[in-house]
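Visitor: Pasting in a structure now, in structure tokens, and then I'll have a few things to ask.
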Amino acid sequence: MLDATKINGFHIITNGNGNGKSNGYHKDLLTKAPEKAAIEEAVRTILANVGEDPDRDGLVGTPNRIARMYDEILAGYHVDPVKLVNGALFDVDYGEMVLVKDIEYFSMCEHHMLPFFGRAHVAYLPSDKVIGLSKIPRIVDMFARRLQVQERMTSQIAQMMDEILQPRGVAVMVEGSHMCSMMRGVKKEHPVMVTTTMLGDFKEDKELREDFLRQVRR
């Protein structure tokens, strides 16, 4: 059964001390959604603790901008997979490989909350139905717009394709450049991570699997 994942919200409890703050939150933040207010105050805390002044001109709006940014780049938590597909499954007499390649994605590494990005390639072998073309990039986006590791994201895309289509096989390849290894740690400029998940006939049939890889590399 498909299910949409939810983010647990933050709750702000006021202490009524009349000093313009409640449990450390500025009064103006309390008028906003509790989740955004919590994120903004957390960003202010980070800025202050790395040696910055959160109230200087260039940074005064940064906590709000980051809270709004998270709404966009982590929107995948709030997507209902059933509504995403929206019945776009069609009876078509076609049994050959369907491949959508070079799907651009942007995600956030869950270990350091730094971006990773690249391209995804998704193929399936229809049994009796095909899915609307635009839905495959949307499925990729749904899983990319979460805190992720590339290996899990690759598997999630394949598993969802398998669940909604029940095809004879699914193949997913994801290529990613990770800022956590480019900006920090080993600090290598051009590493590209490649992950694959093969299901059904793609896993069992070596020739079919190699055909998928050839098509991706063309």
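Visitor: Go through the residues of region 43-65 one by one and say whether even a single one is of a type in the set (Asp, Glu) and within 30 Å of residue 156 (Cα to Cα).
Guide: no
Visitor: While we're looking at this one, here's another question. Where the second residue is among the hydroxyl-bearing types (Ser, Thr, Tyr) and part of a strand (DSSP E or B) and the first is touching a residue at least 12 places away in the same chain (Cβ under 8 Å) and lies in region 91-110, which pairs have Cβ atoms under 8 Å and are six or more apart or on separate chains?
Guide: Close Cβ pairs (under 8 Å, with a partner that is among the hydroxyl-bearing types (Ser, Thr, Tyr) and part of a strand (DSSP E or B)) amount to 97/124; 98/124.
Visitor: Here's a follow-up. Taking the conditions exactly as written (at pLDDT 95 or above, under 22 Å from the mean Cα position of the chain (by Cα) and not assigned by TED's automatic domain parsing to the domain that holds residue 163), does residue 64 satisfy them or not?
Guide: yes
Visitor: Restricted to region 165-192, and to residues that are modelled with pLDDT under 95 and among the aliphatic types (A, V, I, L, M), which residue is nearest to residue 120 (Cα to Cα)?
Guide: Among them, the one singled out is 192.
Visitor: Then there's this: With small (Gly, Ala, Ser), part of a strand (DSSP E or B) and either in contact with a helix residue (DSSP H, G or I) (Cβ under 8 Å, 6 or more places away or on another chain) or crowded, with 17+ Cβ neighbours inside 10 Å (or both) as the only criterion, which of 158, 120 stands out?
Guide: Exactly one of 158, 120 is small (Gly, Ala, Ser), part of a strand (DSSP E or B) and either in contact with a helix residue (DSSP H, G or I) (Cβ under 8 Å, 6 or more places away or on another chain) or crowded, with 17+ Cβ neighbours inside 10 Å (or both), namely 120.
Visitor: For residues that are in a helix (DSSP H, G or I) and in contact with a Leu (Cβ under 7 Å, 6 or more places away or on another chain), scanning just region 30-61, find the one that is surrounded by the most Cβ atoms within 10 Å (Cβ to Cβ).
Guide: The selected residue is 40.
Visitor: Got a number for residues in region 92-103 being touching a strand residue (DSSP E or B) at 6+ places or on another chain (Cβ under 6 Å) and either small (Gly, Ala, Ser) or part of a strand (DSSP E or B) (or both)?
Guide: Number satisfying all stated conditions: 6.
The values are calculated or read from the model by the stated rules, or taken from the named source; none is laboratory data. Every value quoted in this text rests on a predicted model; they were computed, and no experiment measured them. In this analysis, Cβ positions are derived from the backbone assuming ideal geometry, glycine residues included, and neighbour counts consider all displayed protein chains.
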